[in-house]
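Asks: Take this structure, written in C-alpha coordinates, and hold onto it; I'll ask about it next.
The values are calculated or read from the model by the stated rules, or taken from the named source; none is laboratory data. Model, not experiment: these values are computed from the prediction. When we count neighbours, we look across all protein chains shown, and the Cβ atoms used for this are built from the backbone with ideal geometry, even at glycine.
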Amino acid sequence: MVQHGFAHINHASSDKRKSPSELGAHRPQAVILDELVRGRERLGALFGDRFLPVVVPPWNRIDRALLPALPASGFCGLSTFGPRGPAIPTEGIVEINVHFEPISWRGGPHFAGAESVLAALVSELRARRTGAADPEEPIGLLTHHANMDDQSWTLVEELITFTASHAAAQWLSPGEMFRPRPRTAGAGD
(Lines give C-alpha, C1' and ligand atoms only; values in the text may rest on other atoms or scores of the structure.)
Protein backbone atom coordinates (compact mmCIF):
# COMPACT_ATOMS: atom_id res chain seq x y z
CA MET A 1 0.00 0.00 0.00
CA VAL A 2 1.45 3.35 -1.07
CA GLN A 3 -0.01 6.87 -1.17
CA HIS A 4 -1.61 8.09 -4.42
CA GLY A 5 -1.60 11.81 -3.68
CA PHE A 6 -4.19 13.12 -1.25
CA ALA A 7 -7.62 13.63 -2.84
CA HIS A 8 -6.89 13.03 -6.56
CA ILE A 9 -8.19 16.50 -7.35
CA ASN A 10 -6.86 18.43 -10.32
CA HIS A 11 -5.72 21.81 -8.97
CA ALA A 12 -3.97 22.88 -12.17
CA SER A 13 -4.84 26.45 -13.06
CA SER A 14 -4.03 26.28 -16.77
CA ASP A 15 -5.52 23.79 -19.22
CA LYS A 16 -6.70 21.21 -16.67
CA ARG A 17 -7.35 18.56 -19.30
CA LYS A 18 -3.90 18.86 -20.86
CA SER A 19 -1.76 18.85 -17.72
CA PRO A 20 -3.79 17.78 -14.68
CA SER A 21 -1.96 17.96 -11.37
CA GLU A 22 -2.67 17.72 -7.67
CA LEU A 23 0.92 18.20 -6.48
CA GLY A 24 2.10 20.90 -8.89
CA ALA A 25 3.92 24.20 -8.52
CA HIS A 26 0.63 26.10 -8.88
CA ARG A 27 -0.17 25.48 -5.19
CA PRO A 28 1.75 26.52 -2.06
CA GLN A 29 4.22 23.83 -0.99
CA ALA A 30 3.06 24.07 2.63
CA VAL A 31 -0.52 23.21 1.61
CA ILE A 32 0.58 20.25 -0.51
CA LEU A 33 2.91 18.91 2.19
CA ASP A 34 0.21 19.28 4.85
CA GLU A 35 -2.19 17.24 2.71
CA LEU A 36 0.43 14.58 2.02
CA VAL A 37 1.28 14.28 5.73
CA ARG A 38 -2.40 14.01 6.67
CA GLY A 39 -2.83 11.30 4.04
CA ARG A 40 0.28 9.45 5.24
CA GLU A 41 -0.91 9.55 8.84
CA ARG A 42 -4.37 8.28 7.88
CA LEU A 43 -3.03 5.45 5.72
CA GLY A 44 -0.52 4.51 8.43
CA ALA A 45 -3.33 4.34 11.00
CA LEU A 46 -5.52 2.26 8.69
CA PHE A 47 -2.94 -0.13 7.25
CA GLY A 48 -0.08 -0.20 9.77
CA ASP A 49 2.98 -2.07 8.51
CA ARG A 50 1.30 -2.77 5.17
CA PHE A 51 1.57 0.93 4.32
CA LEU A 52 4.82 2.13 2.76
CA PRO A 53 5.24 5.95 2.80
CA VAL A 54 5.84 6.37 -0.92
CA VAL A 55 4.25 9.23 -2.89
CA VAL A 56 2.63 8.20 -6.17
CA PRO A 57 1.39 11.49 -7.62
CA PRO A 58 -1.96 11.53 -9.41
CA TRP A 59 -1.38 11.95 -13.16
CA ASN A 60 2.30 11.20 -12.43
CA ARG A 61 3.04 14.89 -11.90
CA ILE A 62 4.78 16.46 -8.93
CA ASP A 63 6.63 19.73 -8.45
CA ARG A 64 10.20 18.41 -8.10
CA ALA A 65 10.89 21.32 -5.71
CA LEU A 66 8.77 19.40 -3.15
CA LEU A 67 11.15 16.44 -3.07
CA PRO A 68 13.66 17.80 -0.52
CA ALA A 69 10.79 18.20 1.99
CA LEU A 70 9.45 14.66 1.59
CA PRO A 71 11.86 12.85 3.98
CA ALA A 72 11.16 15.32 6.81
CA SER A 73 7.46 14.77 6.09
CA GLY A 74 7.88 11.04 6.69
CA PHE A 75 8.19 9.76 3.12
CA CYS A 76 10.86 7.40 1.81
CA GLY A 77 9.99 7.11 -1.87
CA LEU A 78 8.51 8.50 -5.05
CA SER A 79 7.04 6.79 -8.09
CA THR A 80 5.96 8.50 -11.31
CA PHE A 81 5.92 7.43 -14.99
CA GLY A 82 9.05 7.13 -17.11
CA PRO A 83 12.75 6.58 -16.50
CA ARG A 84 14.27 8.06 -13.40
CA GLY A 85 17.34 10.22 -13.64
CA PRO A 86 20.81 8.87 -12.82
CA ALA A 87 20.95 10.76 -9.52
CA ILE A 88 18.81 10.22 -6.44
CA PRO A 89 16.36 13.14 -6.41
CA THR A 90 17.02 14.02 -2.78
CA GLU A 91 18.69 12.37 0.21
CA GLY A 92 16.27 9.95 1.85
CA ILE A 93 14.02 9.45 -1.19
CA VAL A 94 14.20 6.38 -3.43
CA GLU A 95 12.64 6.87 -6.86
CA ILE A 96 11.23 3.78 -8.56
CA ASN A 97 8.98 4.53 -11.50
CA VAL A 98 6.55 2.69 -13.74
CA HIS A 99 7.34 2.43 -17.45
CA PHE A 100 4.51 0.73 -19.32
CA GLU A 101 0.82 -0.07 -18.93
CA PRO A 102 -1.86 -2.19 -20.59
CA ILE A 103 -4.27 0.75 -20.97
CA SER A 104 -4.50 3.40 -23.67
CA TRP A 105 -6.19 6.57 -22.47
CA ARG A 106 -6.91 8.19 -25.85
CA GLY A 107 -10.63 8.09 -26.46
CA GLY A 108 -11.31 6.77 -22.97
CA PRO A 109 -9.54 3.94 -21.13
CA HIS A 110 -9.28 0.71 -23.12
CA PHE A 111 -6.85 -2.16 -23.69
CA ALA A 112 -3.80 -0.85 -25.56
CA GLY A 113 -3.28 -4.17 -27.34
CA ALA A 114 -0.74 -6.89 -26.64
CA GLU A 115 1.60 -5.75 -29.41
CA SER A 116 1.75 -2.18 -28.07
CA VAL A 117 2.20 -3.25 -24.44
CA LEU A 118 4.91 -5.79 -25.22
CA ALA A 119 6.70 -3.30 -27.52
CA ALA A 120 6.85 -0.87 -24.58
CA LEU A 121 8.32 -3.59 -22.35
CA VAL A 122 10.89 -4.55 -24.99
CA SER A 123 11.81 -0.87 -25.35
CA GLU A 124 12.46 -0.68 -21.59
CA LEU A 125 14.62 -3.81 -21.68
CA ARG A 126 16.59 -2.40 -24.62
CA ALA A 127 17.08 0.95 -22.85
CA ARG A 128 18.65 -0.83 -19.89
CA ARG A 129 20.93 -2.96 -22.07
CA THR A 130 22.14 0.03 -24.08
CA GLY A 131 22.60 2.37 -21.12
CA ALA A 132 19.78 4.71 -22.18
CA ALA A 133 18.05 3.99 -18.84
CA ASP A 134 19.30 3.20 -15.35
CA PRO A 135 19.95 -0.56 -15.41
CA GLU A 136 19.44 -0.72 -11.64
CA GLU A 137 15.89 0.63 -11.77
CA PRO A 138 13.27 -2.12 -11.87
CA ILE A 139 10.89 -1.95 -14.82
CA GLY A 140 7.51 -0.91 -13.48
CA LEU A 141 4.12 -2.08 -14.76
CA LEU A 142 1.33 0.46 -14.19
CA THR A 143 -2.14 -0.95 -13.64
CA HIS A 144 -5.37 0.93 -13.11
CA HIS A 145 -7.50 -1.91 -11.79
CA ALA A 146 -10.77 0.04 -12.03
CA ASN A 147 -10.18 0.74 -15.74
CA MET A 148 -8.87 -2.64 -16.87
CA ASP A 149 -11.01 -4.90 -19.03
CA ASP A 150 -10.70 -8.68 -19.46
CA GLN A 151 -8.08 -8.33 -22.20
CA SER A 152 -5.92 -6.09 -19.99
CA TRP A 153 -6.15 -8.52 -17.07
CA THR A 154 -5.38 -11.50 -19.30
CA LEU A 155 -2.23 -9.84 -20.65
CA VAL A 156 -1.06 -8.86 -17.15
CA GLU A 157 -1.67 -12.40 -15.84
CA GLU A 158 0.22 -13.94 -18.78
CA LEU A 159 3.08 -11.47 -18.36
CA ILE A 160 3.38 -12.23 -14.65
CA THR A 161 3.25 -15.99 -15.27
CA PHE A 162 5.91 -15.81 -18.00
CA THR A 163 8.31 -13.50 -16.17
CA ALA A 164 7.92 -15.26 -12.80
CA SER A 165 9.35 -18.42 -14.35
CA HIS A 166 12.09 -16.69 -16.37
CA ALA A 167 15.65 -16.87 -15.03
CA ALA A 168 16.44 -13.27 -16.03
CA ALA A 169 13.38 -11.74 -14.33
CA GLN A 170 12.58 -11.17 -10.69
CA TRP A 171 9.45 -9.69 -9.11
CA LEU A 172 10.28 -7.40 -6.19
CA SER A 173 8.10 -6.27 -3.33
CA PRO A 174 7.67 -2.53 -2.74
CA GLY A 175 9.71 -2.91 0.46
CA GLU A 176 12.62 -4.35 -1.54
CA MET A 177 12.42 -1.67 -4.21
CA PHE A 178 12.18 1.33 -1.90
CA ARG A 179 15.14 0.42 0.31
CA PRO A 180 17.50 3.39 0.54
CA ARG A 181 20.49 3.31 -1.80
CA PRO A 182 23.67 5.40 -1.71
CA ARG A 183 23.29 8.91 -3.08
CA THR A 184 24.96 9.62 -6.41
CA ALA A 185 27.43 12.50 -6.39
CA GLY A 186 25.85 15.67 -7.72
CA ALA A 187 22.29 14.56 -7.05
CA GLY A 188 20.10 17.53 -6.44
CA ASP A 189 23.10 19.89 -6.59
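Asks: From (1) surrounded by 14 or more Cβ atoms within 10 Å (Cβ to Cβ); (2) more than 21 Å from E95 (Cβ to Cβ); (3) modelled with pLDDT under 95, pick out the condition that doesn't hold for D134.
Replies: (2)
Asks: Would you mention how many residues in the stretch 102-151 are of a type in the set (S, T, Y), within 29 Å of H8 (Cα to Cα) and under 19 Å from the mean Cα position of the chain (by Cα)?
Replies: Keep residues of the stretch 102-151 that are of a type in the set (S, T, Y), which gives 104, 116, 123, 130, 143.
Now narrow it down to the ones that are within 29 Å of H8 (Cα to Cα): 104, 116, 143.
Adding the requirement that they be under 19 Å from the mean Cα position of the chain (by Cα) leaves 104, 143.
Number satisfying all stated conditions: 2.
Asks: Okay, next question. Which residue is farthest from H4 (Cα to Cα), if the candidates are limited to the stretch 121-170 and must be in a helix (DSSP H, G or I) and among the β-branched types (V, I, T)? Give the steps one after another, and end with the answer.
Replies: Here is the first cut: in the stretch 121-170, the residues in a helix (DSSP H, G or I) are 121-130, 145-147, 150-164.
From what's left, among the β-branched types (V, I, T): 122, 130, 154, 156, 160-161, 163.
Working: V122: 27, T130: 32, T154: 25, V156: 21, I160: 23, T161: 27, T163: 27 Å.
That would be T130.
Asks: Right, H99: out of contact with any helix residue (DSSP H, G or I) (no Cβ under 8 Å at 6 or more places or on another chain), over 24 Å from P28 (Cα atoms) and not β-branched (V, I, T) or not?
Replies: On the way: out of contact with any helix residue (DSSP H, G or I) (no Cβ under 8 Å at 6 or more places or on another chain): no; over 24 Å from P28 (Cα atoms): yes; not β-branched (V, I, T): yes.
It is false that H99 is out of contact with any helix residue (DSSP H, G or I) (no Cβ under 8 Å at 6 or more places or on another chain), over 24 Å from P28 (Cα atoms) and not β-branched (V, I, T).
Asks: State which residue is surrounded by the fewest Cβ atoms within 10 Å (Cβ to Cβ) when the search covers only the stretch 71-91 and only residues that are over 15 Å from the mean Cα position of the chain (by Cα) and modelled with pLDDT of 90 or more.
Replies: Out of the qualifying residues, it is A72.
Asks: Given A25, A45, which one is within 21 Å of G175 (Cβ to Cβ) and either of a type outside the set (A, V, I, L, M) or not assigned by TED's automatic domain parsing to the domain that holds A132 (or both)?
Replies: On the way: A25 fails: within 21 Å of G175 (Cβ to Cβ).
When all the criteria are applied, what remains is A45.
Asks: Just to be sure, is R64 of a type in the set (K, R) and exposed (fewer than 15 other Cβ atoms within 10 Å of the Cβ)? Before the answer, list the steps.
Replies: Working: of a type in the set (K, R): yes; exposed (fewer than 15 other Cβ atoms within 10 Å of the Cβ): yes.
So R64 passes the test.
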